[in-house]
Amino acid sequence: MSRPSFPLEDISTTMVNEVGYSKAIELLHQASTPLGFVASVKEHDNYKRIWTRDGVVNGLASLLSGDVTLINTFESTLQTIFEHQHPIGFMPSNVSADGKVSYGGTVGRADNPAWAVIGLCQYALVTNHKSLASRFEKHVEKCFFVMDAWEFNGKHLMYVPQSGDWADEYIQHGYILFDQLLRIWALRLAANVYHRDDWQTKADTITTVIEQNFWNNNADELYAANLKHQMAQAPDMYWFLGFNPARIYSQFDLQANSLALLLHIGKTDQQQIVLTFLADVMKQITSILPSFYPAVEKTDWEMKELENNYAYTFRNSPHEFHNGGLWPVWNGFLTAALTAHQQTDDARKVTAYLHEANSALEWEMNECFHGQTKKPIGVARCTWSAGGAVIAEKSIEGKKLFFYYPE
């Protein structure tokens, strides 16, 4: 199971980190426009636009960096996305320089309302400037309204369509853990900023539902009757990706498990089980970690679900893109999670690998990398790869975002 590693021995880790952080900040400056952060400084498909998701991630990195210019760009990003909120409440996928708005492709983006609220509240809490949060309070209420509606059954979990979040060419649909966790994070933050006990209560309720239903268990009360027999498919070393009426997704979801650690989901022993699993995988995969693991292989029946789910070209061959690809941005959140749980050595290791990945092709900072060859396979000059590096580096330095988990 051993795989080729990035050549860390070619340069000292300290030098890689210093240069990597500097290059990441440089790219974020290049991506700064009057409307906010663009997803890439290269003209490629629709990447040179203001994206809710990418813009907020880069904004969180900016807040951690303390760079005033970047923080101002984050403010512009928030204004752009909230000013283009749909009347119903869902948030833009992206906004172009000439004001054209996309709310998604075949389906909308179920994660964007939460990302928008997270960004707005983090900005208010870190800068201690509440005027922007006050200005968009009604918009925040609409974000939570539409997420409530997406439950469909009033049982506290959103139903996410296929292609409905960041992994928009992957297989998952249904009650996807990552999106539920973003909603909890948004509710906790907004409850604090706006002094709304009802939002805190909702966050606590969703947390309980997650802890009962996204971990392999034999509980008497599960979200639905089908989970009783489906639990046989569930892993027992981490929070599973999600479920729907037909199945449980047993793949390891790096983003969801990193967020679960940051939000302190589950009991201490469950958190330790996840940390142990991560440490074991890191020993086997000597690089940044894949977003979804293991990859769907060509002979797996799930490949049929991948083959036609793409917008421009097929990118999900085994170990590529969402299907086992390596994404610097989510490894930034992994580093933050490891640091929050005092796994400092592993956090430093992931950060070094992250900078080394970003350094490929003279610091191209590619969107993602092949899970086995480690070669860049995504969009060049991708700004949230820079954002992930900043989040990782600042987390190791002890800088923290707000999560408001129960003590």
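We did not get these values from a lab; they are worked out from the coordinates using the rules stated. All values derive from a computational prediction rather than experimental measurement. Neighbour counts run over all protein chains shown; Cβ positions are idealised from the backbone, glycine included.
The table for this structure:
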{"item": "Calculated [θ] (222 nm, deg cm²/dmol) that DSSP helices of n ≥ 4 give over the chain, each run adding -39,500 (n - 2.57)", "result": "-15000 deg cm²/dmol"}
{"item": "Principal axis dimensions, the stretch 34-192 - Cα atoms, whole angstrom, descending", "result": "43, 39, 27"}
{"item": "Tail beyond 16 Å, pair distance distribution of the stretch 264-342 (Cα, percent)", "result": "59"}
{"item": "Euclidean distance of C-alpha centroids, the stretch 77-108 and the stretch 216-259, integer Å", "result": "32"}
{"item": "Euclidean distance of C-alpha centroids, the stretch 38-76 and the stretch 344-406, integer Å", "result": "15"}
{"item": "Cβ-Cβ FRET estimate between ALA219 and THR127, R0 fixed at 41 Å, reported to 0.05", "result": "0.45"}
{"item": "Full-extension gain in nm, GLN272 to TYR194, via 0.36 nm per residue minus C-alpha separation", "result": "24.8 nm"}
{"item": "Amide hydrogen neighbours beyond the local backbone of SER359, cut-off 5 Å, H modeled", "result": "none"}
{"item": "Whole-Å semi-axes of the chain's equivalent ellipsoid (Cα gyration tensor)", "result": "28, 27, 21"}
{"item": "Efficiency of FRET from Cβ geometry, HIS29 and ASP98, R₀ 25 Å, rounded to 0.05", "result": "0.65"}
{"item": "Mean shadow area of the stretch 180-292 over all directions, Cα convex hull, nm²", "result": "7.9"}
{"item": "The chain - percent relative contact order, Cα under 8 Å, separation 6 or more", "result": "19"}
{"item": "Cβ-derived FRET efficiency at R0 22 Å, THR373 paired with TYR293, nearest 0.05", "result": "0.85"}
{"item": "The chain: most fluctuating residue of ARG247, ARG183, ARG109 per GNM, C-alpha cutoff 10 Å", "result": "ARG247"}
{"item": "Virtual spin-label span in nm between PHE152 and GLU362, 7 Å along Cα→Cβ", "result": "5.0"}
{"item": "Distance in nm between pseudo-label sites at VAL68 and TRP301 (7 Å out along the Cβ direction from Cα)", "result": "6.1"}
{"item": "Spin-label pair TYR405/PHE314, simplified geometry with 7 Å Cα→Cβ offset, distance in nm", "result": "4.0"}
